[in-house]
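Written out below as structure tokens is the structure these notes cover.
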Amino acid sequence: MSGLKNLLFSKKTRKILLGSAIATGCIYQYNSSSSVGSINQINNNSNNNNNNNETNQKKEKMGILGNILFNIRNTKANNVLLCEVKSQPDLMNPSSSEEEEREQTPLWKQDSYVPGASTTLNAEEQRDIASREVVSWMSQQLIPGVSVCAMVRGDTVFKAGFGYADVENAIPVTPDTKMRIASISKALTSAAVGLLIEDGKLDVDATVQTYVPEFPINPAYPETAPTVRQVASHIGGIRHYRRGATTEIFSVQQYVSDAVRDNPDKLPPPLAIFVSDPWIDADKSAPGQTYNYSTFGYTLIGTIIERAAKTDFISFMKNRVFQRCGMYDTYADQHNTIISNRSRQYALTGGKNTNNRYSSTGVSVNPQLVNAELANNSYKYAGGGILSTSQDICRFGTYIISGQLLKRSTLDIIFHTQQTNNGKPTDYAIGWSVKPNHQIKNRQIVGDINPIDNTSTRRVTDTLDNKIIYHTGAAVGGSSIIVVVPKYGVVVCVLANLEGVKGIIEFGTKLANIFVPKGDQQQQQKITEI
């Protein structure tokens with residue numbers, strides 16, 4: 001194994017570093033022989049001399065590496081912080097007229113009790129289990145660093161950093177570490193779409209050429225232009241990255257929005273990266289014909305937002321979304337800007353003789369940790385170019401489902417899952433995936449409706465009781481997920497500084513379900529920062 005792999009992924013390191021998390025006066029240490037991990041509770045108030053001697057002996061045996069690892073382990077005492085939300089508007093008690101109150105009602109239910117769910121855990125047990133699950137997942141996926149946050153009905157009940165933000169300099173992940181959120185950016189962009197709908201400046205059923213007239217007409221379907229809704233839900237016929245040597249994902253070109261006046265070098269706008277060849281195969285590119293996930297589609301959506309709002313995308317997001325939600329640690333991923341607490345990005349390679357093959361566990365057969373390729377994300381701020389913390393993303397999710405950022409009627413549009421022209425459901429709305437929550441057993445399932453059926457009198461937001469709303473992200477040097485359980489007000493975000501992580505949907509859903517509360521009578525504990 002290489003030196004870096006030895007440092008990160010040896011059995012000794014996993015046990016000492018990646019598995020350690022400190023909460024409420026106890027050290028929880030990962031046991032690498034267990035698939036989930038085991039808890040060794042160490043009484044910090046007794047046997048101090050014996051513990052110190054034991055520690056020194058271990059450090060002597062491990063030499064310089066031992067000193068680094070033990071120092072990082074001690075530093076991680078500040079990494080698990082359980083805290084209240086910073087001073088924000090009251091999510092639970094919005095003040096407004098009767099009509100506005102109806103529009104701002106949180107999606108979580110006041111009688112939300114689920115028989116058979118894991119609802120008997122107290123807050124400390126929830127945090128313990130979450131920590132062990134994170135450590136086990138990191139070990140299986142060989143992830144250098146992870147940031148995790150969970151919020152329940154506006155309260156931060158768990159936030160933690162695990163592993164390294166910078167492997168080479170042994171800098172640990174903390175809850176303040178900023179990582180690439182990748183395609184979670186699309187969910188943030190959906191909020192901008194919703195705000196412009198409410199402003200009366202954007203019609204999601206208008207064609208994209210209504211706002212960006214220079215965008216080309218599909219020559220295969222010249223009389224049928226895609227709508228904003230279709231492009232935002234990936235059924236507009238727009239392609240994703242090319243594969244192979246010509247892929248644009250590793251682009252190092254700097255792009256500047258044409259809404260930004262200060263562009264002395266006359267750098268191209270983001271649309272330039274794909275506008276000369278924007279369509280998938282002609283036999284699949286009719287609007288509404290095929291679901292084809294496309295980050296370039298969101299590059300177009302970002303431009304539409306700029307034209308409708310008459311300002312650049314990042315300024316709009318900062319003024320209308322980030323500041324409103326208290327997301328003070330969220331930035332455009334500009335590679336030449338100094339951003340404090342920014343994580344490094346990593347990848348795993350399979351080595352010379354493995355051709356990057358993957359085993360059944362999703363990890364390279366002969367994994368080697370390397371720095372991720374350089375990538376300039378200036379062409380895709382709307383689709384995958386944002387840096388943030390896990391807590392900022394949880395704040396965003398909470399503001400969305402609390403009704404304090406968008407009206408309920410707007411959420412009915414944003415969470416409205418689409419279907420193709422032949423009636424095949426896509427499970428994707430505008431910037432969000434919406435699917436059944438299969439990990440909760442024996443629940444009272446509320447009958448679904450087809451949200452496309454305009455004859456129904458039920459609102460889309462009334463059909464989410466048995467659902468999760470989520471978005472994953474897969475960027476150069478980063479993997480991510482936000483999971484929202486609307487009925488219970490649970491929002492979980494996981495950010496990892498490794499690309500190509502497998503099984504993140506299942507892991508994120510499992511983590512979110514740990515924090516499903518036991519009805520209204522169980523109050524989540526508010527824990528101040530250590």
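The values are calculated or read from the model by the stated rules, or taken from the named source; none is laboratory data. Worth saying up front: this structure is predicted, and the values here are computed from it rather than measured. Note: ideal-geometry Cβ built from the backbone for every residue, glycine included; neighbour counts use all protein chains shown. Surface accessibility is based on the protein's heavy atoms, side chains included, excluding ligands, DNA and RNA. Shrake-Rupley method; radii C 1.70, N 1.55, O 1.52, S 1.80 Å.
The table below gives the values:
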quantity	calculated
Residue, modelled with the lowest pLDDT, within region 357-368, restricted to residues that are out of contact with any helix residue (DSSP H, G or I) (no Cβ under 7 Å at 6 or more places or on another chain) and assigned to a loop (DSSP other than H, G, I, E, B)	357
Qualifying positions in region 230-265 - basic (Lys, Arg) and open to solvent by 30 Å² or more (accessible area, probe 1.4 Å)	242, 243, 261
Residue check for residue 160: within 28 Å of residue 103 (Cβ to Cβ) and open to solvent by less than 10 Å² (accessible area, probe 1.4 Å)	no
Residue in region 440-448 that is polar (S, T, N, Q) and at pLDDT below 95 present	yes
Residues of region 468-500 satisfying the condition of being surrounded by fewer than 21 Cβ atoms within 10 Å (Cβ to Cβ) and touching a helix residue (DSSP H, G or I) at 6+ places or on another chain (Cβ under 8 Å)	472
Residues located in region 413-434, provided they are open to solvent by less than 20 Å² (accessible area, probe 1.4 Å) and either among the basic types (Lys, Arg) or over 21 Å from residue 299 (Cα atoms) (or both)	420, 434
Residue satisfying all of: in region 378-408; aromatic (Phe, Trp, Tyr) and over 20 Å from residue 306 (Cα atoms); surrounded by the most Cβ atoms within 10 Å (Cβ to Cβ) among these	396
So residue 354, is it at pLDDT below 95 and open to solvent by 30 Å² or more (accessible area, probe 1.4 Å)	no
The one condition in (1) at pLDDT 95 or above; (2) surrounded by fewer than 21 Cβ atoms within 10 Å (Cβ to Cβ); (3) among the polar types (S, T, N, Q) that residue 147 fails to fulfil	(2)
Hits in region 193-223 (condition: under 28 Å from residue 284 (Cβ atoms), out of contact with any Gly (no Cβ under 8 Å at 6 or more places or on another chain) and in a helix (DSSP H, G or I))	209, 210
Residue that is nearest to residue 106 (Cα to Cα) [pool: residues in region 144-171 that are out of contact with any strand residue (DSSP E or B) (no Cβ under 6 Å at 6 or more places or on another chain) and in a strand (DSSP E or B)]	155
Filter pass, residue 220 being touching a strand residue (DSSP E or B) at 6+ places or on another chain (Cβ under 8 Å) and either open to solvent by less than 10 Å² (accessible area, probe 1.4 Å) or at pLDDT 95 or above (or both)	no
Test: residue in region 501-512 that is open to solvent by less than 50 Å² (accessible area, probe 1.4 Å), modelled with pLDDT under 95 and aromatic (Phe, Trp, Tyr)	no
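For (1) closer than 26 Å to residue 242 by Cβ; (2) open to solvent by 30 Å² or more (accessible area, probe 1.4 Å); (3) part of a helix (DSSP H, G or I); (4) touching a Pro at 6+ places or on another chain (Cβ under 7 Å), each residue gets a yes or a no:
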position: 267; (1), (2), (3), (4): yes, yes, no, no
position: 271; (1), (2), (3), (4): yes, no, yes, no
position: 284; (1), (2), (3), (4): yes, yes, no, no
position: 288; (1), (2), (3), (4): yes, no, no, no
position: 291; (1), (2), (3), (4): yes, yes, no, no
position: 297; (1), (2), (3), (4): yes, no, yes, no
position: 304; (1), (2), (3), (4): yes, no, yes, no
position: 311; (1), (2), (3), (4): no, yes, no, no
position: 319; (1), (2), (3), (4): no, yes, yes, no
